[in-house]
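The values are calculated or read from the model by the stated rules, or taken from the named source; none is laboratory data. As the structure is a computational prediction, the values presented were derived from the model and not from experiment. Cβ placement follows ideal geometry from the backbone for every residue including glycine, while neighbour counts extend to all protein chains displayed. Only protein heavy atoms, including side chains, enter the accessible area calculation; ligands, DNA and RNA are left aside. Shrake-Rupley method; radii C 1.70, N 1.55, O 1.52, S 1.80 Å.
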Amino acid sequence: MLDPASLPHWPYARAVDQELAARGIPAGAVRVDRDFRRETALRLVFTWDASRCAGPGGIRLIWHDDTGWAHSLLRPDAVSAIPRGPLTALRRVYATPRDVAEVAAALVSWRFRQYNGAHHGQWEQAAQVRAAIDAFHLTVNTASPRTSPALSHGPVGAGRTSSS
């Protein structure tokens, strides 16, 4: 098991998750993926199934450390997703947790209809997390496959997020 608190993007995941919880929006997940096309990709995934969303399916928000926020629509069968691309309302890779929660609330509750405005704010701890992620990439990308950190699922925090 990988301790999520040891992940360089954990502070951002925790801040976004806390803001979502404060608004009554359910949990997400923290993942570290090994993607050989992109070296090591760090990402956050927040998912709401059809039972929590307006419309016929669910919503998934995905954050990558190099590209920022994107979204997908989950089909009603909850087995497959339709990628929708970048979440253009969030203009920064490290959008403020408040902005992320506002956009998530609009997507979950109104299915894009109240999706007004561009959220330009940047999270105040972005520089520290970027530096930690850069150091993480150097460590993981220079390690042999046998010495790379174990990437597995496990509960963390208040049971709201998981790591892989």
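Remarks
- Tabulated pairs, region 61-83, first within 13 Å of Trp48 (Cα to Cα), second open to solvent by less than 40 Å² (accessible area, probe 1.4 Å) and of a type in the set (Phe, Trp, Tyr), C-beta under 7 angstrom, 6+ apart or interchain: Leu61/Phe46; Leu61/Trp69
- Hits in region 95-124 (condition: open to solvent by 60 Å² or more (accessible area, probe 1.4 Å) and at pLDDT 90 or above): Arg98, Gln122, Glu124
- Qualifying residues in region 69-83 (those that are in a strand (DSSP E or B) and not β-branched (Val, Ile, Thr)) - the one most open to solvent (accessible area, probe 1.4 Å): Pro83
- Given (1) assigned to a helix (DSSP H, G or I); (2) in contact with a Pro (Cβ under 8 Å, 6 or more places away or on another chain); (3) open to solvent by 60 Å² or more (accessible area, probe 1.4 Å); (4) modelled with pLDDT under 85, index of the condition Gln128 fails: (4)
- Which numbered condition Asp66 misses (of (1) more than 19 Å from Glu19 (Cα to Cα); (2) part of a helix (DSSP H, G or I); (3) open to solvent by 60 Å² or more (accessible area, probe 1.4 Å); (4) at pLDDT 85 or above): (2)
- Filtered residues of region 52-61 (kept if assigned to a strand (DSSP E or B) and more than 18 Å from His120 (Cα to Cα)): Gly58, Ile59, Arg60
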